[in-house]
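Engineer: Quick one: the structure is below, and I'll ask about it shortly.
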Amino acid sequence: MPVVVTTLEQLQELGADGAVWRRLGRTGEQMLTAALDNPDGDALYRAQMARADKRVAQRRADEREAQRPVCSRCGQKFTDERWEETTARGGAWTAGDLTVCGTCHADDVAREQAARLQAAAPLLEDDREPARPGRGLFRRRS
């Protein structure tokens, strides 16, 4: 609420429509409409709303970070992609172990692939017949 003051001498000398009004918190005398006006009110309101929006966004980001899962093996926080992968509808089927981060999950996948390749390699070697010297595919038996 604006508070404006003046003196009787100034009112008698210049009149009520003159620059005789002083608003508390401002310097110098002003006309009554200028003294009652709040020119920075809209800018002040916009600045307050921007600060409030920023605080709300920061609070939401802090709450999201507090809910972010942590890897059960290495203790690293999940990335946004890994977190989405483990919580997305249908993504949990392909995400593997839901308690490990993306790096540990990639290590698991690489370990499984290496184990599958190693398990398949002896089968391929066992299927081959031992090579006999001097005998090709189309040679006669002697």
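Engineer: Spin-label point model (7 Å from Cα, Cβ direction): what's the Asp80 to Glu63 distance in nm?
Structural biologist: Here the answer is 1.8 nm between the modelled labels.
Engineer: Same structure, new question: Full-extension gain between Val70 and Ala110, please, as 0.36 nm times their residue separation minus the C-alpha to C-alpha distance.
Structural biologist: Value of the extension gain: 12.3 nm.
Engineer: Spelling out what I want: for every residue of segment 24-31, take phi, set θ = phi - 60°, compute 6.51 cos²θ - 1.76 cosθ + 1.60 (Karplus), and round to whole Hz; glycine and proline get x.
Structural biologist: 5, x, 10, 9, x, 8, 9, 6
Engineer: Still on this model: What distance in nm separates the two pseudo spin-label positions at Ala19 and Thr7, each 7 Å out from Cα along the beta-carbon direction?
Structural biologist: 1.7 nm
Engineer: Further question: To the nearest 10 Å², what's Glu85's accessible area with a 1.4 Å probe?
Structural biologist: 80 Å²
The values are calculated or read from the model by the stated rules, or taken from the named source; none is laboratory data. This one's a predicted model, so the numbers in the text were calculated from it and none came from an experiment. Neighbour counts are summed over all protein chains in view; Cβ atoms, including those assigned to glycine, are modelled from backbone coordinates with ideal geometry. Side chains included, ligands, DNA and RNA excluded: accessible areas come from the protein's heavy atoms. Shrake-Rupley method; radii C 1.70, N 1.55, O 1.52, S 1.80 Å.
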